[in-house]
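Below is one structure, written out as structure tokens, with a few remarks after it.
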Amino acid sequence: MRYWLMKSEPDEFSIQQLAQRGREPWNGVRNYQARNFIRDDMQYGDGVLFYHSNCAMPGIVGLAEIVSEAMPDPTQFDPASDYFDPGSTPDSPRWLLREVGFKRALQRTIALDELKRHAEALGDFALLRRGNRLSILPVSAAQWRYILDLEHSVGAAR
DNA sequence: GCCAACGTTGGC
DNA sequence: GCCAACGTTGGC
């Protein structure tokens, strides 16, 4: 079992929307490194930190899990989609997705700002690397536990 | 809205 | 294969 952090802009798709729908095909990933994670490294049942990006308080807002195998992202074949990729064919799809299932919302947002203050304890964390723009990134078991412990601490005061 | 960082594209 | 130009991400 592995752990991941997946970013979403709350204006596009929020943890509240995932809570309502229960599960969601995670379409629109158009980065090869993230695609390789989806294809090669994710497994059914993996844990997901749901992260809100590009918003007033970026941070981790919920927990989810991977609930499907990798499958072609249908939006790559749809000319009307923002994610349309004319270079991809159904015979050899370039972009994949997995479905993500809602687990729970966190009791409080664990903000990026707070995570930065725990950078030393978190160790090498892809989210905190300079210039990081990956929308799907790996989380170690130790980082997963540490972050979930933060949920119940008064982290904002530190 | 700004802009640093990064990935992709395309000319050569 | 190099690299400048461009587009995107995402914090601030």
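The numbers here are math on the coordinates, done by the rules we state, and not lab data. Predicted model, so just to flag it, every value in this text is computed and none were measured. No Cβ is skipped: glycine too gets one built from the backbone with ideal geometry, and neighbour counts run over all protein chains shown.
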| query | Per-residue ellipticity at 222 nm for chain A, helices alone: DSSP H runs ≥ 4 residues times -39500 (n - 2.57), over residue total, nearest 500 deg cm²/dmol? | reply | -5000 deg cm²/dmol
| Rounded to the nearest 0.05, what FRET efficiency do A:Ser153 and A:Asp11 have when you use their Cβ-Cβ distance and R0 = 22 Å? | 0.15
| message | I'd like the projected area of the stretch A:3-150, averaged over all directions, using the convex hull of its alpha carbons. Report it in nm² with one decimal. | response | 9.0
| said: What does the extension gain come out to for A:Met1 and A:Arg39, with contour length at 0.36 nm per residue minus their alpha carbon separation? | reply: 12.2 nm
| remark: Length gained if A:Asp91 through A:Ser68 is fully extended, taking 0.36 nm per residue and subtracting the Cα-Cα distance, is 6.2 nm
| message | Test of understanding: what is the full-extension gain from A:Ala121 to A:Arg21, defined as 0.36 nm times their sequence separation minus their Cα-Cα distance? | response | 32.5 nm
